[in-house]
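Data block below; observations after.
Where a number appears in this text, it was derived from the coordinates with a stated rule and is not lab data. What you see is a predicted model, and the numbers here were worked out from it, not measured in a lab. Note that we place each Cβ from the backbone using ideal geometry, even for glycine, and neighbour counts take in every protein chain shown.
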C-alpha cells in the first residue's frame, strides 16, 4: 500500500487536534501504522471485494448476462426478493414496537427483554434453521398435523421466510433502541400536552425524529435477509427453481465449478452490500454523526 | 391492552400499567413485542431443549462427547478465538488510523469496514476461497512459502477474521473520538513520551471497548457457517466446524444427534452473551461514574 504512505507525506496538519508534535507520532510511525492497517484491510476486505467483480466479468459480458438471465437464476432472485419483502416489513414493525416499549416506558425485566431481542445474533445460523425443521419438519412437533393437512413449510417457501425472519429480527430494533434512548421524550410530551393524539404524535413527531436510523435499520435488515445462507440452507432442501435463494444458487454453481456464473450472481449481492454501505454513509453525513 | 391514544394523565391511572410515562401505546407495543418474541424466538429455541430431552442421558453424553464432536468444538472455538485475537490487534490499529490520521480515501475505507456486516456470507466464502486457493491471487504467493490457507484450518481462521472484522473497530472508534485531548496534552507536558502516553493514558481507556469488541467478534465468528464451508476443507476431525457437523447430521436425518450438539453449542453462545451483557453493564457503570453519577 505504497500509495497510502506516500499520500501521508502530503498531509498538512500534524494531527487531528492540530497541536504540537508531542501529541502526534513521528512521521515514520504514522506511515507504518497507516500502511499496516491498509495492508490488513487490503487482504481481508478490498482484494476479496475486487475479486468478486473481476471473476464475474472474467469470461466477458455475454457470460455474465447469460448467468443472470438463466431461468433458475431469475427464480432464485424472485424467491430472495419475496422472502425479504415479507421478512423486512414484519421485522420493521417488530423493531418499532420493541424500541417504543423499551425506550418510552419503565417496566421490570427490561434488560432481559433487550437480551431476548438480541438472542438471534448469538444463535448459529445453522441452529436457527434447525429449530424450524424440529418444529415443522416431517418428524417435527407439528409435522404429522401439517402432513395431514397437506401444508409444506420445511423444504418450501414458508420455511425460508420463517428462517429469514428469525435471523434478521433484531436488526431494526438494534438500530432504533440506542437512537431513541439518546433522543428522549421531550418533543412527544410537548405534542401530547398541546393536544395531539397518540397516533398524531407518533406519525408527526416520533417517526420524523428517527427516520434516518429507521431507514438504516431497514436497509441493513434487507441486506441480511437477502444474503442469509446458513439458516435458509437448512430449511430449503435446495430445490432448483422452487426453494433456491440467490446465496444458495451461488453455492450450487460454485460446487459445479461454474465459477464465472457463481461470481456473476455473487456480484449482484455484492452490489447490494455496497449500496447498503453507501446509504449508511449518506445517512451519517446527513445526520452529521 | 387499554392503549388509549388520548393524553390522559398517566399518574392517575396507575403508573405501573402505563410504564410511568404519559406516552401512549405501552400495552400495544409491549404486547406485540412479547407476542413476536414468544412465537418467533422462544418457541423455536424451546424445541432444541425439548428435542434433546427425548434422548437418554447416556446417549446424549456419547453424542456430545464423541471424538468428531469434540474436534468440531475445538476447531470452532479455537478458530473463532484466533480470528477475534487478530481483530483485537488490527481492529484497534484500524480504529486508531481512521480516527487520528487524515489520508485520501479515509471516508471510503471507513465505510468499507462495515462490508462484512452487509456482504452475504456465501459471497465472502467463495471470494476468500478463490483468493487464497493455491492458484489464487494471494494463494499463489503463499504457496512457495509453504503456507496453505484454503482447505485447511488456517482457511477457517481467514474466513472468521473477515466476518468478525468490524466489531473491534466499531466499538473502539467512538471511544477514541471521545477521548479528551487535554489528557494527552497533560501527559505530554509532564514529560511523557508519545509511547508512554499511548500505553499509560490512551490504552487503558480503550481496553473495555476493545474487550467488548473482542467478545462480540468471538461470538459472531463461533457460529458462522456460510463463509467457512467454502474455504475449509470440511474434513471430519480436521477442518469441520461445529455448525457443519450439525448440518451433516441433519442431512442424515439424525435429528436427535444434531440437536444434542446444537444444545451444547447454544450453551457456549449463551455464556458469551452473558459475558457481553456483563461487559456492557460494567462499561455503562464506568461511564456513569466518570460523568459524576446520573
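Points worth noting:
- As a rough footprinting exposure proxy, the listed residues B:178, B:254, A:150 were ranked by other beta carbons within 10 Å of their own, and the order from fewest upward is A:150, B:178, B:254.
- Look at the stretch B:43-53: the mean tally of other chain Cβ atoms within 10 Å of its residues' Cβ atoms is 5.
- Using a simple spin-label model with pseudo-atoms 7 Å out from Cα toward Cβ, residue B:237 and residue B:277 lie 4.0 nm apart.
- Average Cα contact separation per residue, chain A, under 8 Å, 6 or more apart, as relative contact order %: 28
- Classified by the C-alpha gyration tensor, chain B has an oblate form. Its axis ratio a/c, with a ≥ b ≥ c, is 1.5 or above, and a/b does not exceed b/c.
- Relative protection proxy for A:166-174, B:158-166, A:58-66, from highest mean packing down: B:158-166, A:166-174, A:58-66 (other beta-carbon atoms within 10 angstrom).
- With a 10 Å cut-off around each Cβ of B:86-98, the average count of Cβ atoms from other chains is 4.
- Cα gyration tensor, segment B:145-262 - rounded (a/c under 1.5), prolate or oblate: prolate
- Test item: B:276-285 mean partner chain Cβ contacts at 10 Å: 1
- Volume of the Cα convex hull of the protein assembly as shown, divided per residue and given in Å³: 181
- Computed E for residue A:39/residue A:255 - FRET, C-beta separation, R0 22 angstrom, nearest 0.05: 0.10
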